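Working notes, structure below.
The values are calculated or read from the model by the stated rules, or taken from the named source; none is laboratory data. Just so we're clear, the structure is a prediction, and the values are computed from it rather than from any experiment. In this analysis, Cβ positions are derived from the backbone assuming ideal geometry, glycine residues included, and neighbour counts consider all displayed protein chains. Note: areas computed on protein heavy atoms with side chains; ligands, DNA, RNA excluded. Shrake-Rupley method; radii C 1.70, N 1.55, O 1.52, S 1.80 Å.
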Amino acid sequence: MKMMGFKEFWTKKTLVGLALGQFLSLLITSTGFSSSELAKKGINAPTSQSFLNYCLLAIVYGSIVLYRKQPLKAKWYYYIALGVVDVEANFLVVKAYQYTSITSVMLLDCWAIPSVMLLTWLFLSTKYRYKKITGVVICVAGLVMVVFSDVHAGDRSGGSNPRKGDALVIAGATLYAVSNVSEEYLVKNADRVELMSMLGIFGALISAIQISVLERNELKSIQWSAGAALPFVGFSLAMFLFYSFVPVLLKINGSTMLNLSLLTSDMWAVLIRIFAYHEKVDWMYFVAFAAVSVGLVVYSSGDKDDQNRADVADEDAERSKHLDEEACSGNRDRSLISGTTKPEPRTKHNFESSNSSAVVV
């Protein structure tokens, strides 16, 4: 088997996918730190935090949609369903921290990756070859190392209700997978700006209803100050950028690459703790970070093989078209020479020749 060369691997698509994936991972890391600051101040309102992000999406991208004055490319009720799934996915995972440990959340959140692969295989006809599956396994193995390093670092508490918390994480991860796959389909078949505007509008409406039911008293009890408002604003801006660039990565590399890239968010958080807070961490974190990075590289390298296969298929189709045109031209010339417009009898030999281009070798 021919080894992949350096220039063949480092394609523009691969580099953009890796860089954008890590940018999104850093944004998720920043939202985690914002949420932890709010938790330290006794503020527990996950839906309210997401509400500001949905409002920004609705205002920015909704204005562009209104300016275009074009009809929607996808049915509006698809966006309502996506809004419900997205809002509840965010809510369930954040809620799980009240019942189970951080270790359990980190480990069970990986359920989104096989869920995405299954859904894209079933509904988007995505084919995962050996190289991509290998990359996924390496990434997950790296994250498992982080989890085990957390275990002996002190996170041994199971939470107030581990079973309930674990169930919430699995449900949230499944909804994340449904949301990512739905966004991948819509961004490839509809429009990115339309997707963001509709998700913002319906996400804001659904969040407002949920806030009025579940978080109304929590918001009333908050003592608003600069220390409480800044994490809220920082969280919303980071989420707005995250939601804005997610469709770009989905269109380039797909939802599986997105979820694999987000695995490094925990490792970025570790690096921030080391350099910003001068904390000591276990050596397994660095090995895990390297493993996830290698897994991303291996997964991305499969895109080059897929592109080569697509190019070969296009060349075969073009060659077949050219042969058909030559065959038709030859038949017309023979008819003119014989002085008649009667078509040449279609013998078994001619039938096989004219259809030989349909055979894929």
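Can you give me the distance in nm between label points at THR134 and TYR78, each placed 7 Å from the Cα along the Cα-to-Cβ direction?
Those two pseudo-labels are separated by 3.6 nm.
I need the shape label for the range 53-99. Rule: rounded when a/c is under 1.5, else prolate if a/b > b/c, else oblate, with a, b, c from the alpha carbon gyration tensor.
Oblate, because a/c is 1.5 or more while a/b does not exceed b/c.
Among residues other than ILE222 whose Cβ falls under 13 Å from its Cβ, what is the net charge (Lys/Arg +1, Asp/Glu -1)?
That works out to +1.
Would you calculate the separation in nanometres between label points at SER160 and ARG68, each defined as 7 Å from the Cα along the Cα-to-beta-carbon direction?
Computed distance between label sites SER160 and ARG68 equals 4.5 nm.
For ILE209 and GLN98, calculate 0.36 nm times their separation in residues minus their Cα-Cα distance, and state this gained length in nm to one decimal.
37.7 nm
Take PHE245 and ASN217, extend 7 Å from each Cα along the Cα→Cβ direction, and tell me the distance between the two endpoints in nm.
Label at PHE245, label at ASN217, 4.0 nm between them.
Starting with the highest mean, order 64-73, 44-53 by the number of other Cβ atoms within 10 Å, averaged over the residues of each peptide.
44-53, 64-73
For the pair ILE274 and TRP121, what calculated FRET efficiency results from E = 1/(1 + (r/R0)^6), where r is the Cβ-Cβ distance and R0 = 41 Å, to the nearest 0.05?
0.60
Checking the table LYS132/LYS164; LYS13/LYS188; LYS95/LYS220 against a 22 Å threshold on Cα-Cα, which pairs fail?
Beyond 22 Å: LYS132/LYS164.
Order the following by accessible area, largest value first: LYS280, LYS131. Probe radius 1.4 Å; ligands, DNA and RNA are ignored.
Order by accessible area, largest first: LYS280, LYS131.
Could you report the accessible area of LYS188 in Å², rounded to 10, computed with a 1.4 Å probe on the protein chains as they sit in the structure?
Using a 1.4 Å probe on the heavy atoms, I get roughly 110 Å².
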